[in-house]
1. 5 Å is the cut-off here: which amide hydrogens, built 1.01 Å from N in the peptide plane, fall below it relative to T131, excluding neighbours closer than 5 in sequence?
2. So what J values fall out for segment 78-83 if you push phi through Karplus, 6.51 cos²θ - 1.76 cosθ + 1.60 with θ = phi - 60°, rounded to Hz, Gly and Pro as x?
3. So how much accessible area does R155 have, in Å² to the nearest 10, using a 1.4 Å probe?
4. Taking the alpha carbon gyration tensor of segment 66-115, what are the square roots of 5 times its eigenvalues, largest first, to the nearest whole Å?
5. Within segment 91-121, list the residues whose amide N lies under 13 Å from a label point set 7 Å along Cα→Cβ of R160.
6. Under the 0.36 nm per residue contour assumption, what length would be gained going from the current alpha-carbon distance of L31 and N115 to full extension?
7. Quote the FRET efficiency, to the nearest 0.05, computed for T93 versus W72 with a Förster distance R0 of 30 Å and r equal to the Cβ-Cβ distance.
8. Explain nothing, just compute: Karplus ³J(HN,Hα) = 6.51 cos²θ - 1.76 cosθ + 1.60, θ = phi - 60°, for every residue of segment 126-135 in order, whole Hz, x for Gly and Pro.
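The values are calculated or read from the model by the stated rules, or taken from the named source; none is laboratory data. Just so you know, these numbers come straight off a predicted model, no measurement behind them. Quick reminder, even Gly has a Cβ in these numbers, built from the backbone with ideal geometry, and neighbours come from all protein chains shown. Side chains included, ligands, DNA and RNA excluded: accessible areas come from the protein's heavy atoms. Shrake-Rupley method; radii C 1.70, N 1.55, O 1.52, S 1.80 Å.
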Amino acid sequence: PVHANTMTGSLAESQAQVMFTTLGWAPPAKLPQDIGTDFVTFARDVTAHEGKEGAWDIGAPVFLQIKGSRDWYRTPSDGGHGKPGWWVAEANTYHFDHWLSLGLPYLLVLVDVTNQVGYWAEVTGQAIVDTGKGRKIFVPAAQTVDAHNLEALNRVAVSRRRYDLEGAVWEGRLNDLAP
């Protein structure tokens, strides 16, 4: 038998692929070996073409972890400070440690498969809360995977860029290079 969670998870992954591709990002690709990460994608800047179709590849890889549900992500709760959203908790620290260890931008994406809406949070050390028995992270309901949040998603994608320019002419660092 195929468990309902397996079917919902596959549907959530497919919907997330469509959401990020619709934004103009590279279609999220499943890694051939399971390393605890669902997808890798590359951010693209679609605004640079001044109204023309197309995008600029900004060379910014982003890892994605997708979690889907038909019910859980339909109605957000109060996550504290009056912000609606969802807490995602794990009983141990393994996944959070793995996500942080990759050293590249990492998004946790919750997909409401019924309404085909994705919500995201950047996985950073500052965003993760120690629960004493594991860890948790808050995913705000306002952070949807759509054009309204494209600028914020692109900022996340380039947030960990570090360029060491060396040579006779170049020496220094470029940080926070905008799309």
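1. The list, which skips near neighbours in sequence, is K136.
2. 7, x, x, 6, x, 9
3. 130 Å²
4. Working: eigenvalues 101, 42, 23 Å².
Equivalent ellipsoid semi-axes, largest first: 23, 14, 11 Å.
5. Label zone hits: 96-108.
6. Values: separation 84, 0.36 × 84 = 30.24 nm, distance 2.65 nm.
Extra length from L31 to N115 when fully extended: 27.6 nm.
7. Details: r = 22 Å, r/R0 = 0.74.
My answer for the efficiency is 0.85.
8. 6, 7, 7, 10, 6, 9, x, 10, x, 9
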